[in-house]
Amino acid sequence: MPELDADVVVVGGGPAGSTAATMLARRGQRVVLLERERFPREHIGESLLPASLPILADLDVLPAVDAAGFLKKWGAVMVWGAGGEPWSWYFRETNQRHPHAYQVWRPEFDHILLENSRRHGVDVREGERALDFCLDGDDGVAVSVAVDGVERRLTCRFVVDASGQTGLVGRALRLRRPDPDFRNLAVYGYFAGAEPVPPPDETNIFIESYGDGWCWSIPLHTGRVSVGVVVDAERGQDAIRGAGANGYFNDQLARTRYTRDRLREARLVAGPIVIKDWSYVSDSPAGRRYVLAGDAACFVDPLFSSGVHLALTSGVLAAAYVATVLKDAALQQPAAEAYRTLYYQQYDHFRELAHLFYASNRSVDSYFWEARRLLGAEREPSARLAFIRAVAGQPVQGYERAVLERGDAPPEFVSSVREVESGRAARGERFTAALAGDGAKILDRLVPRLEPGATLCRRAVLGDGEFVLGDVLVTDERPEGVPLSPVVAGAVALVDGERTVAAIVAERSR
């Protein structure tokens, strides 16, 4: 086979592409990153989550992000659900280690990540647009690239498609599937001179629901405020055709209560910009010679500021997938399944939370909210189980409790959540009481049992920058599986409903 131009070609220099490229370059891969624009460039999606900070630290860019002067985001203020008055929540309530995120100016933030890729040895090529790709024999991939109007060909062993909604690979292979439950569009712009939210929430995101949808306001360290409305796509497009983007944007903002007041003395300095056809997911996001990352793989409603976090996460996972396949092609299929499961687990989490929030906001009587209420009521039991798992598990994002406290969620859902949580608490109290009352003797009588449907199996799990085969425990609540150490897996394998804990420990000690 002729000499290849690179081991890996990454298409797209946003957070997903730069993250994947950096991680792969660290492992000694020859990486070429193609970015059609020249940075810094405009991009929406300024509000980050605390869960992204460990990834930024691992990329060695967290000090640079902190030094950039981005505003710290401690939580959110929302006008949502019952009451109609603003209410706040804070990351510190569920995440002591990372009590804040950042409100970033994306041109600067993305540039920091891209320059970090260069420092790690990535061959970053700005102004070069990937046009097409094709499998080149059994072991290679060819990518067509346009540079200053001239087309040429790059050869490599693997392609990471981080091209955003352009979706170079996903569209060519027809992998993308639109999400029928989130047919929305957004209109956004940037304002100067907006009145800030009162302390202590002046640097937090402000989200306000209103008759036709919902609105975000994100303060930036530049002095501007990012403001956007999310509305039903069909109704929004019809109205924009009649009034124009500017007229429609002004009309929607006028329908809000609090956002409108804070913009009374402000002026629009950029926009408005319309984004259509948002939510979608891709089948088979990881294949023999490709992997989709970030928006190239999927996009979910932006209610929970998940875009950058999903991009960073997928960049890490995509790099691990590529490293695995290039090292051992026999692991391609299990690694592809693990990539899809781990990435879409987070995607599904944000998607189901959006469903739950839309379904619970019944205090606003309009076409938009009624449509989402009906969609929420018609969800299948599997989605309901996902809701319960998300809320009862209380992940670090910290949004979920608010639905029960502020929203108007269906009574059967609320009771299901309470039942799951009370059952867990009762089991824990019984076990603690038993240990306190009988001490070590309880081990001679305690017979552990796996939950119905729980199975121990071998799957690809994320190791040190690559996927490896490991033992996982799969349950109804954790279908993705819980990775187990060899010691724990060996003990779980002996749980048969008859052996006591003492017997299991004794057998494992032989």
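A few points about this structure:
- For the criterion of being surrounded by fewer than 16 Cβ atoms within 10 Å (Cβ to Cβ), over 29 Å from Gly271 (Cα atoms) and in contact (Cβ under 8 Å) with a residue 60 or more places away in the chain, Glu42 fails.
- Taking the criterion of being over 13 Å from Tyr258 (Cβ atoms) and either among the hydroxyl-bearing types (Ser, Thr, Tyr) or free of Cβ contacts under 8 Å to residues at least 24 places away in the same chain (or both), the residues of segment 179-234 that qualify are Pro180, Tyr188, Tyr190, Pro199, Glu202, Thr203, Thr222, Ser226.
- Reported count of residues in segment 102-121, each being open to solvent by 10 Å² or more (accessible area, probe 1.4 Å) and hydrophobic (A, V, I, L, M, F, W, C), is 2.
- Hits in segment 231-263 (condition: open to solvent by less than 30 Å² (accessible area, probe 1.4 Å) and among the charged types (D, E, K, R)): Asp232
- Any hit, segment 464-478, residues being at pLDDT below 75 and either in a helix (DSSP H, G or I) or open to solvent by less than 30 Å² (accessible area, probe 1.4 Å) (or both): no
- Of note, Asp238 does not satisfy the criterion of being in contact with an Asp or Glu (Cβ under 9 Å, 6 or more places away or on another chain), closer than 17 Å to Arg183 by Cα and among the charged types (D, E, K, R).
- From the list Thr166, Thr203, the one residue that fits, being closer than 30 Å to Gln29 by Cα and touching a Lys or Arg at 6+ places or on another chain (Cβ under 9 Å), is Thr166.
- Test: residue in segment 248-259 that is at pLDDT 90 or above, over 26 Å from Val104 (Cα atoms) and among the small types (Gly, Ala, Ser): yes
- Complete set of residues in segment 171-186 that are under 13 Å from Asp283 (Cβ atoms) and either within 19 Å of the chain's Cα centre (by Cα) or open to solvent by less than 100 Å² (accessible area, probe 1.4 Å) (or both): Leu173, Leu175, Arg176, Arg177, Pro178, Asp179
Each row is one residue, and each column tells you yes or no for (1) among the basic types (Lys, Arg); (2) within 16 Å of Val229 (Cα to Cα).
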{"residue": "Arg262", "(1), (2)": "yes, yes"}
{"residue": "Glu265", "(1), (2)": "no, no"}
{"residue": "Arg289", "(1), (2)": "yes, no"}
{"residue": "His309", "(1), (2)": "no, no"}
{"residue": "Leu312", "(1), (2)": "no, no"}
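- Strands (runs of 3 or more DSSP E) contained entirely in segment 1-117, each with at least 3 residues that are farther than 28 Å from Pro200 by Cα: 8-11, 31-35
- Of all residues making up segment 298-335, the number that are modelled with pLDDT of 90 or more, outside any helix (DSSP H, G or I) and in contact with a helix residue (DSSP H, G or I) (Cβ under 8 Å, 6 or more places away or on another chain): 0
- Ser284 open to solvent by 10 Å² or more (accessible area, probe 1.4 Å), of a type in the set (Gly, Ala, Ser), assigned to a loop (DSSP other than H, G, I, E, B) and out of contact with any Gly (no Cβ under 7 Å at 6 or more places or on another chain): yes
- Picking from residues in segment 143-165 that are acidic (Asp, Glu) and surrounded by fewer than 24 Cβ atoms within 10 Å (Cβ to Cβ), the one that is farthest from Glu3 (Cα to Cα) is Asp148.
The values are calculated or read from the model by the stated rules, or taken from the named source; none is laboratory data. These numbers were taken from a predicted model, which means no experiment stands behind them. Cβ: placed from backbone, ideal geometry, glycine included. Neighbour counts: every protein chain shown. The protein model used for the area step is the full one, side chains on, heavy atoms only, and it has no ligands, DNA or RNA in it. Shrake-Rupley method; radii C 1.70, N 1.55, O 1.52, S 1.80 Å.
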